[in-house]
Amino acid sequence: MTDSKRPTFDPHAFLLNAGLGKRLVHLKAKQAFFVQGDPADSVFYLQKGRAKLTVVSNAGKEATITLLGPGEFIGEEAVAAVVGRRLATAVAITASTALKIDRKEMIRVIHEEHAFSDLFLAFLLARSMRTQADLVDQLFNSSEKRLARVLLLMAEFGKSTDAPQTLPDITQETLAAMIGATRSRVSGFMNRFRKLGYIEYNGRIQVNKSLLNVVLHDQPFEQNAVSADLLSIPPGASKSARRISKVVNRINKPPDKPVKKPRS
């Protein structure tokens with residue numbers, strides 16, 4: 001017998017509605033989805049709002065790992081083979097709505113519904129690429145460029161519209177922790193961006209597309225699309241860092257235009 005009568009599974013509908021093994025949760029700003037050290041027994045799908053992942057060291061120092069927006073999963077480590085503990089704390093930045101999926105239900109739908117497993121795998125790959133990009137950014141770029149990149153990612157430029165985007169409430173301390181700089185340096189960069197017209201900053205940050213100039217070496221967008229180095233390294237970098245940068249940028253370099261030979 002075939003299961004042709006079985007209704008088509010819609011992963012997006014699954015992630016929108018409560019049901020067996022899943023329920024909708026509503027969080028206020030600063031309310032936690034889960035706390036570092038809690039059992040990793042569920043996965044959240046963020047439908048609306050913004051969230052952040054933070055970790056706290058044994059010495060009590062807190063660092064922000066990443067910011068999350070609608071359409072992203074939170075706490076995906078819960079599907080690991082062995083049930084463990086949360087490695088970070090997830091907190092709502094703004095009022096948020098999420099679908100909380102029990103670990104057992106999440107594993108079931110991954111195994112049984114290929115449309116959902118494809119969607120989840122695409123998310124994991126995107127998250128992995130984002131993490132690698134964050135690492136490269138931290139290793140090779142200046143703190144000013146790192147701040148510009150974080151603001152552009154929060155504004156989600158390129159996803160929907162190039163119009164100026166207003167960011168959710170976020171403190172300069174959080175931004176400083178994300179880029180590995182001091183609050184005073186972040187304040188200085190923000191003032192510079194505002195004077196240059198890259199952002200507007202009156203309590204809430206509004207990001208303009210022109211902020212891309214900071215990331216793209218202050219060159220025209222078209223030129224940078226083909227000629228900007230993928231990895232730029234600061235003066236005084238180690239030989240190994242320079243060697244890695246040279247190899248990656250050689251791969252990223254566009255092919256040379258053929259030279260026309262003069263007619264004889």
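The values are calculated or read from the model by the stated rules, or taken from the named source; none is laboratory data. All values derive from a computational prediction rather than experimental measurement. No Cβ is skipped: glycine too gets one built from the backbone with ideal geometry, and neighbour counts run over all protein chains shown.
Can you tell me how many residues within region 69-103 are in contact with a strand residue (DSSP E or B) (Cβ under 6 Å, 6 or more places away or on another chain) and either in a loop (DSSP other than H, G, I, E, B) or within 24 Å of Asn58 (Cα to Cα) (or both)?
13
Can you pull out every residue in region 77-105 that is more than 29 Å from Thr174 (Cβ to Cβ) and in contact with a helix residue (DSSP H, G or I) (Cβ under 6 Å, 6 or more places away or on another chain)? Outline the logic, then answer.
So in region 77-105, the residues more than 29 Å from Thr174 (Cβ to Cβ) come out as 81-83, 102-105.
Hit for region 77-105 is Arg103, nothing else.
Kindly indicate which of Leu46, Leu27, Leu20, Leu16 is over 26 Å from Leu135 (Cβ atoms) and touching a Leu at 6+ places or on another chain (Cβ under 9 Å). I'd like the intermediate steps shown before the answer.
On the way: Leu46 fails: over 26 Å from Leu135 (Cβ atoms); Leu27 fails: touching a Leu at 6+ places or on another chain (Cβ under 9 Å); Leu20 fails: touching a Leu at 6+ places or on another chain (Cβ under 9 Å).
Exactly one of Leu46, Leu27, Leu20, Leu16 is over 26 Å from Leu135 (Cβ atoms) and touching a Leu at 6+ places or on another chain (Cβ under 9 Å), namely Leu16.
Out of (1) more than 16 Å from Glu105 (Cα to Cα); (2) at pLDDT below 95, the odd one out for Val25 is which?
For Val25, the failing item is (2).
Output the residues belonging to region 64-88 that are among the small types (Gly, Ala, Ser) and over 15 Å from the mean Cα position of the chain (by Cα). Give the steps one after another, and end with the answer.
Just the residues of region 64-88 that are among the small types (Gly, Ala, Ser), to begin with: 69, 71, 75, 78, 80-81, 84, 88.
Selection gives Ala78, Ala80, Ala81, Gly84, Ala88.
Return yes when Ser142 is in contact (Cβ under 8 Å) with a residue 60 or more places away in the chain and surrounded by 11 or more Cβ atoms within 10 Å (Cβ to Cβ) and no when it is not.
Working: in contact (Cβ under 8 Å) with a residue 60 or more places away in the chain: yes; surrounded by 11 or more Cβ atoms within 10 Å (Cβ to Cβ): yes.
The answer is yes for Ser142.
Taking region 143-197 on its own, how many of its residues are closer than 19 Å to Thr54 by Cα, within 18 Å of the chain's Cα centre (by Cα) and acidic (Asp, Glu)?
1
Step by step: first the residues of region 199-221, then only those that are under 16 Å from Gln172 (Cβ atoms) and touching a helix residue (DSSP H, G or I) at 6+ places or on another chain (Cβ under 6 Å), then the one that is modelled with the lowest pLDDT. Which residue is that? Please lay out each step first, then the result.
Within region 199-221, the first condition is being under 16 Å from Gln172 (Cβ atoms), and the residues that meet it are 199-207.
Still in the list and also touching a helix residue (DSSP H, G or I) at 6+ places or on another chain (Cβ under 6 Å): 199, 201, 207.
Working: Ile199: 92, Tyr201: 81, Val207: 91.
Restricting to residues being under 16 Å from Gln172 (Cβ atoms) and touching a helix residue (DSSP H, G or I) at 6+ places or on another chain (Cβ under 6 Å), the top hit is Tyr201.
Given the options Phe157, Phe120, name the one that is more than 30 Å from Arg194 (Cβ to Cβ), crowded, with 16+ Cβ neighbours inside 10 Å and in contact with a helix residue (DSSP H, G or I) (Cβ under 8 Å, 6 or more places away or on another chain). Give the derivation first.
Working: Phe157 fails: more than 30 Å from Arg194 (Cβ to Cβ).
Just a single option satisfies the conditions, and that option is Phe120.
For the structure I just gave you, tell me whether Ala63 is free of Cβ contacts under 8 Å to residues at least 12 places away in the same chain and surrounded by fewer than 17 Cβ atoms within 10 Å (Cβ to Cβ).
On the way: free of Cβ contacts under 8 Å to residues at least 12 places away in the same chain: no; surrounded by fewer than 17 Cβ atoms within 10 Å (Cβ to Cβ): yes.
Answer is no for this residue.
What's the number of the only condition in (1) without any contact (Cβ under 8 Å) to a residue 12 or more places away in the chain; (2) outside any loop (DSSP other than H, G, I, E, B) that Lys52 fails to meet?
(1)
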